[in-house]
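Peer 1: Handing you this structure, nothing more for now.
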Amino acid sequence: MNAYLTLIGNVNLRASLNWARRLELIRGFAHGIAYLHGGSGDNVIHRDLKPGNILLDDEWKPKIADFGTAKLFAVDQIGPDQTIVVSPGYAAPEYARQGNMTLKCDVYSFGVILLETLSGRRNGGMQGLLSHAWGLWETNMIAELLDTTIVPLSESEPELLSKLTRCIQIGLLCVQETPCERPTMSSVVSMLTSTTSQIDRPRRRPPLDCEGFVASDSSHGLETELLIPTTIDLT
């Protein structure tokens, strides 16, 4: 079983991941997180989603691993987390800065991984992937984000190009600065499943009337010990 991390960092391995396979991986990953976020009947926040915690089996099916930092909460929004686990490049800004943990933090991490999957680039360095992606989006050049190790899309493939740019748009919605602007994972699954429904335009800067975090009373954010497997099959 291979770690997703090795695929993103290896040019030769990336070339074996065609566009159809990458889109399937993204959809499978989204379904798995949506299951954690209420599909199982509970609100499980992974807290440390990153490529190294995604495993691929021999059939290229993704599985979420490493639940050592995961927590189960009674409601979506909770107060500041006293034990902050930050993976640079994947942690939502409100969590990295203030320790404010909600389901939307996992959504942010998913968005980063989605953009990495389609671009073949890691989110790091002086010119981070997110900054690069936002710049391309704001100049209507978002197709230039796509991984160049795969045969370039031709003008005869407008449908595939439309799917890929739509997927990038969904990724940018997930990495918007303010949690209230990000979609839920169930909404992400719906957007990835449909190719015709309208989706919002992502915004790099939050609107003035959007609150970044609404803390709930600690008595409403009950924390429970998790009894979960080391990996979850996403298919």
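The values are calculated or read from the model by the stated rules, or taken from the named source; none is laboratory data. What you see is a predicted model, and the numbers here were worked out from it, not measured in a lab. Every residue, glycine among them, receives a Cβ derived from its backbone with ideal geometry; neighbour counts consider all protein chains shown.
Peer 1: For the structure I just gave you, tell me whether GLU155 is at pLDDT below 90 and outside any loop (DSSP other than H, G, I, E, B).
Peer 2: So GLU155 does not fit the description; no.
Peer 1: Please go through region 92-112 and pick out each residue that is hydrophobic (A, V, I, L, M, F, W, C) and in contact (Cβ under 8 Å) with a residue 40 or more places away in the chain.
Peer 2: Residues satisfying the conditions are ALA92, MET101, LEU103, CYS105, VAL107, PHE110, VAL112.
Peer 1: Residues of region 98-138 being over 16 Å from GLU181 (Cβ atoms) and among the basic types (Lys, Arg), which ones?
Peer 2: Answer for region 98-138, where residues must be over 16 Å from GLU181 (Cβ atoms) and among the basic types (Lys, Arg): ARG121, ARG122.
Peer 1: Return the pairs, sorted by first residue and then second, in which the second residue is in a helix (DSSP H, G or I), the first residue lies in region 159-173 and is polar (S, T, N, Q), the beta carbons are less than 6 Å apart, and the residues are 6+ apart or on different chains.
Peer 2: THR165/ILE142; THR165/ALA143
Peer 1: Looking only at region 170-196, which residues are over 20 Å from LEU130 (Cα atoms) and either polar (S, T, N, Q) or assigned to a loop (DSSP other than H, G, I, E, B) (or both)?
Peer 2: Across region 170-196, the qualifying residues are SER186, SER187, SER190, THR193, SER194, THR195, THR196.
Peer 1: Filter region 88-119 down to the residues that are out of contact with any strand residue (DSSP E or B) (no Cβ under 8 Å at 6 or more places or on another chain) and hydroxyl-bearing (Ser, Thr, Tyr), then identify the one that is surrounded by the fewest Cβ atoms within 10 Å (Cβ to Cβ).
Peer 2: Initially, region 88-119 is screened for residues out of contact with any strand residue (DSSP E or B) (no Cβ under 8 Å at 6 or more places or on another chain), giving 88-93, 96-97, 104, 107-112, 114-119.
Of the ones still in play, those that are also hydroxyl-bearing (Ser, Thr, Tyr) are 90, 108-109, 117, 119.
Details: TYR90: 23, TYR108: 24, SER109: 25, THR117: 25, SER119: 21.
Filtering region 88-119 for residues that are out of contact with any strand residue (DSSP E or B) (no Cβ under 8 Å at 6 or more places or on another chain) and hydroxyl-bearing (Ser, Thr, Tyr), the one surrounded by the fewest Cβ atoms within 10 Å (Cβ to Cβ) comes out as SER119.
Peer 1: In addition: Could you tell me whether any residue of region 177-194 is of a type outside the set (Lys, Arg) and surrounded by fewer than 14 Cβ atoms within 10 Å (Cβ to Cβ)?
Peer 2: Yes, some residue in region 177-194 is of a type outside the set (Lys, Arg) and surrounded by fewer than 14 Cβ atoms within 10 Å (Cβ to Cβ).
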